[in-house]
Amino acid sequence: MVSSSPPKSAPKGAPLSPDRIKAALREAAAQLDAGDLKGAGKLLNDIRRTAPNHPDALHLSGLVALRAQNPALAEKFIRLAVAQAPSHAFMQVNLANALRRQGKIDEALATFAKAASLDPAFPGIYLNRGILFSELGRKDEARADFEEAIKRAPGEPGGYAQLAQHHLRAGDFHAMAEAYKRGLEALPGHAHFLAGLATAYERLSDLEAAKPLADQALAALPHTPMALKVWASVTRRLGGFEEVKDRLEKVAIGKFPPHAARLIHAELAQAYDRLGDTQNAYSHFARQNEMAKQQAAAQGIDKANYMAQVTGLTEAFQTGLGKNWPETGKVTEGHANAPVFLVGFPRSGTTLLDQILDAHPDVQVIEERPALLAVRDAVAALPGGYPGALEKLDEAGLEDLRARYWAALRQEGAELETKTVINKLPLNIIHAGLIHRVFPEAKFILALRHPLDSVLSCFMQDFEVNASMAHFLDIGDAARLYEAVMGLWQLYEGRFALDTVSIKYEELIGDVEGAVRPVLAHLGLAWNPAQLEHVAHAKARGTIRTPSYAQVTEPIYQRAAARYERYSAYLEPAERRLAPFVAAFGYS
């Protein structure tokens, strides 16, 4: 690895000749491209002993540091390189990337602008700045930069790939597919674009379109995780469980990095589960989650942060917060209905219910968007913080918070004047106290499922890991989170007169209309026959962001009900902890 600073003393040993420096730079660049950071760093250290101010050696040293997850050191080296070669736009771009990785956003944007002033035709400016804009949620600017990168270099893959990934992050899988189609028009047969287009079609549940693309991608990239993953997902969803098992068991998973190995274990686990091989399924689910734990550790994700939030809320409301809050409130004028929240523990059927409700012509479900966080963060900024500041809010403060919520929903495309808008984010359940304080008239739809099935399904699901989802990498941790979250919900129910209707997953999959009618009645709506066409609606919607997208775009099935019975040998860490909730929610 590169040393932490360029040497200031006289070089030791025989100096390198100019020709040897050129050759060493080429070799170091090749090793960097191959991922050999240690080898590249050693060569660059040798060069800098002879030529401590060589701009290319300093710049490459910065790139090695950036790849090694040390953006502060990268910034140091690249600034030294820029001092020697101030007119090189590509160095400015990589300096901006080092700044971006440290959260120095204003400096990064200014540095990108400097690069553009030096060489406005350089496509790397727009490619990398677009990534920053995408991370910042500045969608229009990100899209414009990726389009500019394509315009500047139509024969290069980067612009198409980043535009497609931008649409993937936004949940717009139709636009993702179009970006990959454009890439294939410019670069016919590009294997990664074939895999990407197959992935977009798989997310849209157009499996017939996805399958030949996935087959072509796998033929071209037989050992590449991306191609293996999409081929396995499509083939499994088309019923090829044995084919997936046979192919993936031959993959040298141990040679993959954790994020890639996780994908293969996840597909094997699902295939074995569908084949009824519980032992092998559980083994691969456990290895999937072990890989995810390694990723979480590398990214500094600490599940204790989320549990502390839940326990902090529990302690605050247990010690009296909210005892004197009024039980009436008002809806901001101009909105069709009171705010509605679809909540529950993850993997309790919320996505299926979401699709059925959204199929109603008078309903709009806003799916998995952080609209409520605008309210929570505003409270957190007040004296007393969150949740303490809720106690002293006056009517003006409440009106401000209501306005923030409605504005956040509008930003997500909510049609507040004409639709019953349902905010579906299951773990908003921990903020039911906040919701009740700001909107005492709010309606809750509580999705329930047998607690053991919920916890098992969370363990089986290959979530993108964050501080809350990290609990699902272990059965015991998942059960502890269920106990904390649903215990907090019970505390809220005991403290406040929450306007709630419950629906059980097991009843929903047994009789859709019978289970959903009471929910609609709670919202002042009548059953609509279009809701029985929820599968077609889900496919047409094209923006299902949750991991349940594959399940809700096929006809309702019974195989996930009481699945905990098949996996009972592995659920001992959860059974005793969840027993009170099994009884409380009527599953005894």
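Read-outs: derived from the displayed coordinates by stated rules, not from any lab. Note that this is a predicted model, so its numbers are computed, not measured. Cβ: placed from backbone, ideal geometry, glycine included. Neighbour counts: every protein chain shown.
Between 0 and 90 degrees, the angle of helix 71-84 with respect to the longest Cα principal axis of the chain falls at about 40 degrees. Mean separation of Cα pairs under 8 Å and 6 or more residues apart, divided by the residue count, gives region 20-74 a relative contact order of 29 percent. Along region 182-191 the Karplus relation, 6.51 cos²θ - 1.76 cosθ + 1.60 evaluated at θ = phi - 60°, assigns HN-Hα couplings of 4, x, 6, 5, 7, 10, x, x, 4, 4 Hz to successive residues, with x for each Gly and Pro.
Modelled this way, with points 7 Å down the Cα-to-C-beta line, the labels at R79 and H223 are 4.2 nm from one another. Computed from phi, the 3J(HN,Hα) profile of region 400-409 under the Karplus parametrisation 6.51, -1.76, 1.60 (θ = phi - 60°) reads 4, 5, 4, 4, 4, 5, 4, 5, 5, 5 Hz, with x in place of Gly and Pro. Taking other residues whose beta carbon is less than 14 angstrom from the beta carbon of S588, and scoring Lys, Arg as +1 and Asp, Glu as -1, yields -1. Can you work out the FRET efficiency for the pair E441 and E412, with r the C-beta to C-beta distance and R0 = 30 Å, to the nearest 0.05? With a Förster radius of 30 Å, E is 0.90. If R0 is taken as 22 Å, the Cβ-Cβ distance between E242 and S588 corresponds to a FRET efficiency of 0.05. Matching the structure-derived mean projected area of the Cα convex hull in nm² against the labelled list [x] 26.3; [y] 30.0; [z] 31.4 gives the label [y]. When you restrict to C-alpha pairs under 8 Å that are six or more residues apart and normalise by the size of the chain, the relative contact order lands at 11 percent. Of all lysines in the structure, the ones whose alpha carbon falls short of 30 Å from that of K419, not counting any fewer than 8 places away in one chain, are K139, K330, K443, K504, K539.
For region 420-499, the residue among L481, A467, H436 whose Cα projects farthest onto the positive side of the dipole built from Cβ charges is H436. Helical content of the chain, expressed as a calculated mean residue ellipticity at 222 nm, amounts to -19000 deg cm²/dmol (DSSP H runs of 4 or more residues, -39,500 (n - 2.57) each, divided by residue number, nearest 500). Using θ = phi - 60° in the Karplus curve 6.51 cos²θ - 1.76 cosθ + 1.60, the 3J(HN,Hα) couplings for region 119-133 round to 8, x, 8, 6, x, x, 4, 6, 4, 6, 5, x, 4, 4, 4 Hz; x is entered for Gly and Pro.
The spacing between region 133-176 and region 191-248, judged by their C-alpha centroids, is 23 Å.
Full extension from A34 to D362: what is 0.36 nm times the residue separation minus their Cα-Cα distance, to one decimal in nm?
Values: separation 328, 0.36 × 328 = 118.08 nm, distance 5.47 nm.
Result: 112.6 nm gained on full extension.
With a Förster radius of 60 Å applied to the beta-carbon distance between E185 and R576, the computed FRET efficiency rounds to 0.55.
Once you list every other residue whose beta carbon is under 12 Å from the beta carbon of I435, what net charge do they have if Lys and Arg are +1 and Asp and Glu are -1? Computed value for this residue: +2.
Relative to the dominant Cα principal axis of the chain, helix 475-495 is inclined by about 50°. Excluding L532 itself, calculate the net charge of residues whose Cβ lies under 13 Å from the Cβ of L532, where each Lys or Arg counts +1 and each Asp or Glu counts -1. Residues near L532 contribute -2 overall.
If exposed means no more than 12 neighbouring beta carbons inside 10 Å and the site is in a DSSP loop, what's the longest run of the chain without any exposed trypsin sites (Lys or Arg not before Pro)? Write out the running numbers ahead of the final one.
Values: sites that count: K8, K12, K250, K323, R559.
Counting only loop sites that pass the neighbour cut-off, the longest clear stretch is 13-249.
Once the Cα atoms are used to define both axes, helix 89-101 deviates from the longest principal axis of the chain by about 40 degrees.
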